[in-house]
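A short write-up of the structure that comes next.
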Amino acid sequence: MRFGGNVLNYNDPQDWLRQVKKQGYTAVVCPVDYTASAELKAEYRKLILENDLLVGEVGAWSSPLATDETERKTALEYCKQQLTLADEFGANCCVNVSGARLTGNWSGCTAENFTRDTYQLIVDTVREIIDDVHPENTFYTLEPMPWMYPDTPEMYLQLIKDIDRSHFGVHLDYTNMINDPQKYACSSAYIRYMFQKLGKHIRSIHAKDVYMDGTLPCSIVECMPGKGSIDFNTVLRCAARLGKDIPVFVEHLNTMDEIKQAVDHLKGVVVTEQITMDFIPEEV
């Protein structure tokens, strides 16, 4: 298990590395996108290798399911290019959401997200992305979302079965599947269940916290680790079982100080709870 997060602003590879070290990361989000020059990519790869850093994920945030055909094709090509970049960097995964059946809103909620036709489109789209790229060193993954597939562990397992590609894996954002009051109230048991069902497929993890503010009918809100109701002893014990090179990332924080505070909180849980981080992974 490794900890990491974003570097929000940097001028060049050396500046990026200084900030990575200052934050205490051992896992990083890829510092460039596919449009970077070959020379710049090579410089970052050299620093990553020399400093024993793990590229945990390459983002491909877009909607290859967009209802506008031009938008859909642009997103599809972006996903393929970012997956190629992830393979080049040996990243644990390239991650996207499945995509919204909308125009101009890649992650929005609509009834069309939940139809049988949309499910089949997800299957066909992920297959196309993987088959066109033929990755060898990385996995294409879908971050779960409350209002699009996959939205439960069972749905993720069904997608793994139906997509049927060895380089399709799991990006676990457990908070995005805590999407009703019962799951919120029983979050520790639900998180253990997620890891039990999906563990051997997990390539990267987002470590976020949530609180329910009591607003009717239901409002479950994301917050910084340690500021909500998530039991990070449970999260990190489950993550540690997956092995030493599974990245746990914090995200959606506004400053580098906030990011460091969140990472330090996770590291503190490891120390306080005496969680073993480096041993042969068990299948869960």
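Quick look at the values:
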item: Cα centroid separation - segment 24-76 against segment 115-168, whole Å; result: 19 Å
item: Length released on extending from residue 222 to residue 196, taking residue separation times 0.36 nm less the Cα-Cα span; result: 7.0 nm
item: 18 Å reach of a label modelled at residue 110, 7 Å along Cα-to-Cβ, counting backbone N of segment 50-84; result: 62-76
item: For segment 1-141, fraction of C-alpha pairs farther apart than 28 Å, in %; result: 26 percent
item: Whole-percent carbon and sulfur share, accessible surface of segment 1-128, 1.4 Å; result: 47 percent
item: Cα-based radius of gyration of segment 61-118 once divided by 2.2 N^0.38 Å, which approximates compact folds; result: 1.20
item: For the chain: accessible area per residue (Å², 1.4 Å); result: 45 Å²
item: Kirkwood hydrodynamic radius (C-alpha pairs) into Stokes-Einstein, segment 156-284, 10 °C and 1.306 mPa s, D in µm²/s; result: 102 µm²/s
item: Gained length - residue 46 relative to residue 127, 0.36 nm times residue gap less alpha-carbon distance; result: 26.0 nm
item: 3J(HN,Hα) from dihedral phi, segment 25-31, Karplus parametrisation 6.51/-1.76/1.60, rounded to Hz, x for glycine, proline; result: 6, 10, 10, 9, 7, 3, x
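The values are calculated or read from the model by the stated rules, or taken from the named source; none is laboratory data. Everything quoted here is computed from the prediction, not taken from an experiment. Glycine also receives a Cβ, built like all others from the backbone with ideal geometry; neighbour counts cover every protein chain displayed. The protein model used for the area step is the full one, side chains on, heavy atoms only, and it has no ligands, DNA or RNA in it. Shrake-Rupley method; radii C 1.70, N 1.55, O 1.52, S 1.80 Å.
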